[in-house]
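Reading through the structure tokens given below for one structure.
Every number here is computed from the coordinates shown, using simple stated rules; none is lab data. Quantities reported herein were computed from a predicted structural model and do not represent experimental measurements. Reconstructed Cβ throughout: ideal geometry from the backbone, glycine too, with neighbour counts over all protein chains shown.
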Amino acid sequence: MANSRDRNTGGRSLEPVAGNGLIDRRALLGRGMVLAGAVGAGIGPSSAAAGAEPLADDPWSLEIGEPTPLYQVPSKFEAKVVRTLSNPNNEPRNSHSRTPHHLLEGTTTPNGLHFTINHGGVPNIDPDQHRLVIHGLVKRPLEFTLETLSRYPMISRMAFVECGGNSAPMFSPEPMQENVQAIHGLISCAEWTGVKLSTLLEETGIDPKAKWFIAEGADSPHLSRSVPMKKALDDAMIALYQNGERIMPGNGYPMRLLLPGYEGNMNVKFLRRIKLVDQPAMSFYEARTYSPILPNGKAYRFYFLQEVKSFITSPSHGLSLKGPGLYEISGIAYSGTGRIEKVMVSADGGQSWAQAALQEPVLSKAFTRFRMPWRWNGGPATLQSRAWDEGGNVQPTRAEFVAARGELAKPAPVLAFPNQHYNSITSWGVGSNGEVKHVYA
Amino acid sequence: MFTPKRAAFAASLLLAMIAGASSAETPNFGKPIDEAAIANWDISILPDGTGLPKGSGTPAQGAPIYAEKCSACHGDNGKGGIANALVSDRKIDGISASQKSIKNFIGDATTVFDFIRRAMPFQAPHSLTDDEVYALTAYILAENRLIGGNDVMDAQTLPKVKMPNRDNFIIRFPDRI
């Protein structure tokens, strides 16, 4: 077999490692050498350069550019890289904005593109007037301002925040013809900086009767959730910064609760009050919305965890391939349990699988970018990814998921949340014409 | 991941905090505040009734308040409008959340009081008096035939209302509580 390997790849094989054109992930590590090899092997662009246009200066190379803005925003040519809005006119109901994962790379969601869900508009909070109170089953109730919190020891960590209703369109009994933004856009990942809740609880003291804490926001619904004290003493944080700058208004300015790996709604934004209690409050969102109905008529309560999941962002629904040849399959994997252990990719609808390369660093409860080289032969293909986490949890196939959690009798509107906590494999079907569509496989 | 090592650490941290000793040096910038000063913010109601305020209300007192402040979104008599129905005899069949109602899903009557007081009316949240919240809660529960038409809702009676779906929940990850 060694003779069949391309010598230019230093022994890293361009041979398929799974069906329908998947190539050994280690080929990625060769980078330029692989591409050189690819050209040599005749699968890249032709090296024939006859008839190429001579290069001339473009207009922007012949004049002085624009002035430098105080706060820079993306190029006007990137105007399509925006969130989608469920309620652009701020009608009296909740508002969602979804992250365009199909147009992004890496593992950090830019602050302007971080998903949001707000239940009564985005409050306009004066940070100098904002207060955080910690009370209830504590020894000393205390009040903190943004200024005083800023003097505490801080930590920074990457963490995804995912709505418990993300991916809910996949409860539909047929694949909704929607892109990754519509299906999986209610998750984002950022670096959060703030003060650990346990640090503040050292000052208030904890009454041993405290088993839960209630977190409440300063927004108009006074959004409220109950969280076990276990999480308070583990990795709960009062976040003050998002990707290095103050938290965006829609993400909870000036401070939010961050509960790494737990459903987004529990990460209470505009945080103004924490009350230690001996029982959960059974607030609206825990009693109703985030208690998903099961096929047997019962319902889960206190789901909390965002379980292991992955999806391919490129190629994905709505993007189209520009002809046969070499492509890189790229996607996101994450788990509320911890680190991603491995991601397998299939190009033949799950008949065969190959291990994807994981971009370092692989961080706990944060996005892990996976990549897989793929040579499209121009025929039908079904692309899938499947993730494992360090806790031994594996992302279910759709059939496994539906067997345990059920599916809808008929499709629901794409913006609806017909059920919660969906995490099965996503499949993108590639047609012979290069079109990519959402399929079930 | 919640490892035994981390659990042991959390337990020791908890013990240190319960002991009241600020073992690690913290900045101590928290300003002491007494519960009386927090009272207007302290609107959490627990299922056993902890936190319920003084006051009371009946379905008859709630009906006109509902018509004035709630029906524009939730429809006449709670039958639903641009916002969810609050009164329904619908049974759950299948997994769609759109079927959930107060009667067929909510496990604790205190949840109804808590949510009305903190979040409603949508355009004027936390504007109702405690008596109005009791009256609206009584009206909605009575329209759903979960209490009698003349029952008074107050801090003693509300937590005792038997909600039909109360025992129909499964805790998803008990080890995380």
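General observations
- Note on A:201-209: average number of Cβ atoms from other chains within 10 Å of each residue's Cβ is 5.
- Packing-based exposure ordering (other Cβ within 10 Å, fewest first) of B:Asp130, B:Asp34: B:Asp34, B:Asp130
- Rounded to the nearest 10 degrees, the inclination of helix B:4-18 to the longest alpha-carbon principal axis of chain B is 90 degrees.
- Under 16 Å from the A:Asp207 label point (7 Å along Cα→beta-carbon), backbone N, the range A:218-250: A:229
- Estimated distance in nm for a label pair at A:Arg246 and A:Gln279, the labels positioned 7 Å out from Cα along Cα-to-Cβ: 4.1 nm
- Residue separation of A:Ser61 and A:Arg151 scaled by 0.36 nm, minus their Cα-Cα distance, works out to 27.6 nm of gained length.
- Ordering A:395-401, B:168-174 by mean Cβ neighbour count within 10 Å, with the highest value first, yields A:395-401, B:168-174.
- Principal axis box of the range A:49-146, alpha-carbon based, largest edge first, Å: 80, 30, 28
- Cross-link pairs beyond the 32 Å C-alpha cut-off, checked among A:Lys139/A:Lys298; A:Lys211/A:Lys309; A:Lys410/B:Lys69: A:Lys139/A:Lys298; A:Lys410/B:Lys69
- Working ranking of peptides A:306-319, B:59-72, B:111-124 by packing, defined as the average number of other Cβ atoms within 10 Å per residue, highest first, is A:306-319, B:111-124, B:59-72.
- Mean residue ellipticity (222 nm) of the protein assembly as shown, computed from DSSP H runs ≥ 4 via -39,500 (n - 2.57), nearest 500: -4500 deg cm²/dmol
- Filter on B:Lys100/B:Lys162; A:Lys269/A:Lys365; A:Lys209/B:Lys103; B:Lys91/B:Lys160; A:Lys322/A:Lys437 - keep pairs with C-alpha separation over 25 Å: A:Lys209/B:Lys103
- In chain B, the longest principal axis of the Cα atoms and the axis of helix B:130-143 are about 60 degrees apart.
- Per-residue average of Cβ from other chains inside 10 Å of A:410-423: 2
- Counting Cβ atoms of other protein chains within 10 Å of each residue's Cβ and taking the mean over peptide A:332-339 gives 1.
- In order along the range A:267-276, phi translates into HN-Hα couplings of 7, 4, 8, 6, 4, 10, 8, 10, 10, 7 Hz, rounded to whole numbers, per the Karplus curve 6.51 cos²θ - 1.76 cosθ + 1.60 with θ = phi - 60° and x for Gly and Pro.
- Proximity of backbone amide H atoms, modeled 1.01 Å from N, is registered between B:Phe122 and no other residue at under 5 Å, excluding neighbours fewer than 5 places apart on the same chain.
- Computed from label points 7 Å out along Cα-Cβ, the spacing between A:Arg93 and A:Lys139 is 5.0 nm.
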